[in-house]
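Chemist: Attaching a single structure in structure tokens format; questions to follow.
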Amino acid sequence: MPIIFEESTRCFHLSNDRISYILRLAAGAYPLHLYWGRRVRTVSDDLLSRLCPYTDESFSLHETPLDLLPQECPVMGGGDLREGMLAVRHGDGTAALDLRYAGHTILDGKPALPGLPCARGEGAQTLLLTLRDAQSGLTVELAHTIYADTDIVARSARIVNGGTSPLVLERALSACVDFEKADFSLLTLSGAWARERQIATRPLVQGDQGVSTTRGASSVQTSPFLALLAPGANETQGDVYAMALCYSGSFAASVQVDQHGMARAQLGIQPVDFAWTLEPGASFQTPEAYLCYSPEGLGGMSRQLHTLVHAHITTGPYARTNRPLLINNWEATYFGFDEEKLLSLAKTAHDVGIDLFVLDDGWFGHRDSDNSSLGDWVDDLRKLPHGLSGLSEKIHALGMKFGLWVEPEMISPDSDLYRAHPDWCIHAGNRMRIESRHQLVLDLSRQDVRDYIVDAISAALRRGNVDYVKWDMNRNINMWGSEALPAARQKELGHRYILGLYDIMRRVIAQFPDVLFESCAGGGGRFDLGLMCLMPQAWCSDDTDAWMRCRIQYATSLVFPPSTMGAHVSAVPNHQTGRISPLETRAAVAMGGTYGYELDLGKLPREELETIARLNERVKAMQTVLLYGTFYRLRSPFEGNECAFMSVSPDRREAVVTHVHALAQPNTKPALLRLAGLDPALDYRDEETGRVYGGDELMYHGIAPKLPLGDYTATQFHLLAL
């Protein structure tokens, strides 16, 4: 898996056994993007001359139209009139840049990014390509990493002010790819609270298109990801080019189609309301972006990204192990609980085989609703007379683990913390402080605020002897402003907030290395690769309705594997949609994620408790393949009345297939479901029915799910090779 620099052609060729990524220095100075796709051995001189016709003698910025060329690092204020990756404002107010090749280094592995999460570099090689603007002294170090085990190219940029005067960075994206043609469909993930990550697909047209957010988080409205589908590409076949960002703040993902039909795809920090002052000698690091090429459609793309997550993103003791089955008290009690009620719920949960009891919101301050006490992380002795420590001790005595909900980034105006430090929240000077959900956002750019959060949250976790943490964030940011930043640096606040968040999380996690951390943001409002580097799972959505979760989890799986998706069985009628679906269906869908419960077990009849006990045994028997198997989407809930997906063990000897049928219809016959990823030479027994099928039969002919009797029914097959 070498990265090769061919001196004669001035080409850099990044490749593994399956893909190639090639760029060339035009006139030995300007990096142009030549190729990204299936692996090629080399690029011929004839092809080079057509793709990049400029030699040292013929290339001149005075005459060469840069906006006709596929560039690797386009800049604003140069000869390219399209939107660029970088924009810099000099001391004289101008913004011109002329970045030229100044050297390169090829490394085994990959360097960490200062202050930012990123993928690890096992089995990888990295090209560090240095460009320099001679007049200002600005240098840009482009990092390109290619992996042996997944068809991913990781890209980022480090910008350094090597001059003698301050510079203002106004645009700093992580990756750009220029395509010679624009005959693609653009796929993005968009939605809203309780409808996160819905698939949206449309043909590219001339002009700008894409998704972005200015909310301070990757958000429920958008996701830091885009994919370009070549004509004919679908779930199982065709060329797909995807980009995903390892970042948790405001971002922009765009495709610009120019007048000549070229398409420029870019991804990075949202340029709107962003600026960063670089003093002489100072540097700025962009987040990491992951470029994925698949000739096997969206399914192939997802499996490459899932490999990246499992092998190089998630970390900690739970990154590659099974997760405890949990019950969260939120939808069972909301704020109305006491220790006795919690212990009763925990005892019933233990009796049906649940491993972990999670205490959600309302345990601290005087919080009987969502209008107070955020920031006051002290036990409410009215509800918990023995405090967190007493409750935790009793939960552990049952043989269960104990988990806790926190929302460290927020502050309630009705709190002791706010009364003591009203300047600690993000606010715009003396203007009105606009609340959302009766809360404001703490200014994580401040060291004193970060230190307080780390100390207060760590004390609570230590007091509760916790085994699991749900780290929530229930509102986005407006009225941007920080009393700790000078006027000229206020546009740095959005990125500084995210850097502060990563710092806090790292410091807390370091004190509790054996704890399972799950991120949350009003549901799936910060479901991104940045947080996955720190916490191996995230609450997928506050919407626990089984059919809506089919859509949400199906689309989420485009980028993220099931092991990252928090999914629970909840009560019916569902609290978000009012829908009634069978217990077995709710469980089958939740098995597409990390699995847990969000309901009052004490209100269920004995028969349902017995069913839950059997389901829990089933989940534990299948969890390794459910969480870490190779994942295949079989039928899309965005295209019809069904949803189907499956996971297959690496040795292809075990598989779990889930099929959900939404609305029942009369006088129909079973539609055969063709499976994927099995060994055609093996025979498989369905553990539920005992029937035996050939792997070739299951993949090429198919298997018939049960005919639905009633709405929202599910069929599962647990297949084991004979």
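The values are calculated or read from the model by the stated rules, or taken from the named source; none is laboratory data. Values in this document were obtained by computation on a predicted structure and should not be read as measured data. Note that each Cβ is placed from the backbone with ideal geometry, even for glycine, and that neighbours are counted across all protein chains shown. Surface accessibility is based on the protein's heavy atoms, side chains included, excluding ligands, DNA and RNA. Shrake-Rupley method; radii C 1.70, N 1.55, O 1.52, S 1.80 Å.
Chemist: With each run of n ≥ 4 DSSP H residues scored as -39500 (n - 2.57), what mean residue ellipticity at 222 nm is computed for the chain after dividing by its residue count and rounding to the nearest 500 deg cm²/dmol?
Modeler: Helix-only estimate at 222 nm: -6000 deg cm²/dmol.
Chemist: Any chance you could run the full-extension gain for His350 through Tyr334? It's 0.36 nm times the residue separation minus the Cα-Cα distance, nm to one decimal.
Modeler: So the chain would gain 3.7 nm between His350 and Tyr334.
Chemist: Which is farthest toward the positive dipole end of the chain among Thr277, Gly522, Gln259, measuring Cα position about the Cα centre, with Cβ charges +1 (Lys, Arg) and -1 (Asp, Glu)?
Modeler: Going by the Cα projections, it comes out as Gly522.
Chemist: Another question about this same structure. Relative to the first principal axis of the alpha-carbon coordinates of the chain, what is the inclination of helix 447-464, with its axis defined by its Cα atoms, in degrees from 0 to 90 and to the nearest 10?
Modeler: Tilt relative to the chain: about 30 degrees.
Chemist: Then there is this: Once the dipole of the chain is set up with Lys and Arg at +1 and Asp and Glu at -1 on Cβ about the Cα centre, which of Gly677, Gln665, Phe184 lies farthest towards its positive end?
Modeler: Selected residue: Gln665.
Chemist: Where does each of Asp376, Asp651 land when they are ordered by accessible area, with a 1.4 Å probe and the largest first?
Modeler: Result of the area sort, largest leading: Asp651, Asp376.
Chemist: Take Asp416, project a point 7 Å from its Cα along the Cβ direction, then tell me which residues of segment 440-464 have their backbone nitrogen under 14 Å from it.
Modeler: So the set is 456-457, 460.
Chemist: Among DSSP beta bridges whose residues both lie in segment 318-460, state the antiparallel percentage, nearest 5.
Modeler: In segment 318-460, approximately 40 percent of DSSP beta bridges are antiparallel ones.
Chemist: Here is a further query. In debye, nearest 20, what is the charge dipole magnitude of segment 295-412 about its Cα centre with +1 on Lys and Arg Cβ and -1 on Asp and Glu Cβ, if you could check?
Modeler: 520 debye
Chemist: How many percent of Cα pairs in segment 149-215 exceed 20 Å?
Modeler: Roughly 58 percent, rounded to a whole number.
Chemist: For the charge dipole of segment 317-386, defined by +1 on Lys and Arg C-beta atoms and -1 on Asp and Glu C-beta atoms about the Cα centroid, which residue among Leu326, Gly365, His386 has the Cα displaced farthest towards the positive pole?
Modeler: Toward the positive end, the furthest listed residue is Leu326.
Chemist: Let me ask you something else. State the Kirkwood hydrodynamic radius of segment 613-721 in Å, one decimal place, computed from all pairs of distinct Cα atoms.
Modeler: Over segment 613-721, the inverse of the mean reciprocal pair distance is 14.3 Å.
Chemist: Under a plain spin-label model, where a point goes 7 Å from the Cα along Cα-to-Cβ, how far apart in nm are His438 and Thr577?
Modeler: Inter-label distance under the simple model: 3.0 nm.
Chemist: While we're here: Calculate the dipole size of the chain relative to its Cα centre from +1 charges on Lys and Arg beta carbons and -1 charges on Asp and Glu beta carbons; express the result in debye to the nearest 20.
Modeler: For the chain, the charge dipole is close to 460 debye.
Chemist: Taking the solvent-accessible surface of protein heavy atoms with a 1.4 Å probe, what is the per residue accessible area of the chain in Å²?
Modeler: Computed with neighbouring chains in place, this is 36 Å² per residue.
Chemist: How charged is the neighbourhood of Gly336? Take every other residue with its Cβ under 10 Å from the Cβ of Gly336, and add Lys/Arg as +1 and Asp/Glu as -1.
Modeler: 0
Chemist: Using R₀ = 56 Å, calculate the FRET efficiency as 1/(1 + (r/R₀)^6) where r is the Cβ-Cβ separation of Thr105 and Arg606; round to 0.05.
Modeler: Result of the calculation: an efficiency of 0.25.
Chemist: Sticking with this one: Please get the size of the charge dipole for segment 653-722, origin at its Cα centre, with Cβ charges of +1 on Lys and Arg and -1 on Asp and Glu, quoted in debye to the nearest 20.
Modeler: Charge dipole of segment 653-722: 220 debye, to the nearest 20.
Chemist: Also, quick follow-up: Would you mind checking Lys620/Lys669; Lys110/Lys491; Lys470/Lys603; Lys347/Lys620; Lys603/Lys706 for any pair whose Cα atoms are more than 23 angstrom apart?
Modeler: Long pairs (Cα-Cα over 23 Å): Lys620/Lys669; Lys110/Lys491; Lys470/Lys603; Lys603/Lys706.
Chemist: A further question follows. When the chain is fully extended, how far beyond the present Cα-Cα distance does Ala148 get from Leu709, taking 0.36 nm per residue of separation?
Modeler: Result for the pair: 197.2 nm of gain on full extension.
Chemist: Suppose R0 equals 51 Å. What FRET efficiency, 1/(1 + (r/R0)^6) with r the Cβ-Cβ distance, do Thr321 and Ala282 give to the nearest 0.05?
Modeler: 0.80
Chemist: Additional query: May I ask for the angle, rounded to the nearest 10°, between helix 546-556 and the longest principal axis of the chain, with both axes built from Cα atoms and the value confined to 0 to 90°?
Modeler: On a 0 to 90 degree scale, this one is about 20.
Chemist: Here's a follow-up. When only the heavy atoms of the protein chains count and the probe is 1.4 Å, how do Met699, Met505 rank by accessible area, highest first?
Modeler: Met699, Met505
Chemist: With all protein chains present and a 1.4 Å probe, how do His568, His438 order by accessible area, largest first?
Modeler: Largest accessible area first, the residues go His438, His568.
Chemist: Also, quick follow-up: Note down the net charge around Ala587, summing +1 for each Lys or Arg and -1 for each Asp or Glu among other residues with Cβ under 15 Å from its Cβ.
Modeler: -3
Chemist: Run the numbers for Leu722 and Leu663: contour at 0.36 nm per residue of separation, minus the present Cα-Cα distance, in nm.
Modeler: Gain on stretching Leu722 to Leu663: 17.7 nm.
Chemist: Can you tell me the orientation of helix 606-628 relative to the chain, as the angle in degrees between its alpha-carbon axis and the longest Cα principal axis, to the nearest 10?
Modeler: 30 degrees
Chemist: Continuing with this model, one more query. When the accessible area of the chain is split by element with a 1.4 Å probe, what percent falls to carbon and sulfur?
Modeler: In the chain, the share of accessible area belonging to carbon and sulfur is 51 percent.
Chemist: Something else: Lys and Arg at +1, Asp and Glu at -1: add these up for the other residues within a Cβ distance under 10 Å of Thr715 and post the number.
Modeler: Residues near Thr715 contribute -1 overall.
Chemist: For the chain, what class follows from the C-alpha gyration tensor (a ≥ b ≥ c being the square roots of its eigenvalues): rounded when a/c is under 1.5, otherwise prolate if a/b is larger than b/c, else oblate?
Modeler: oblate
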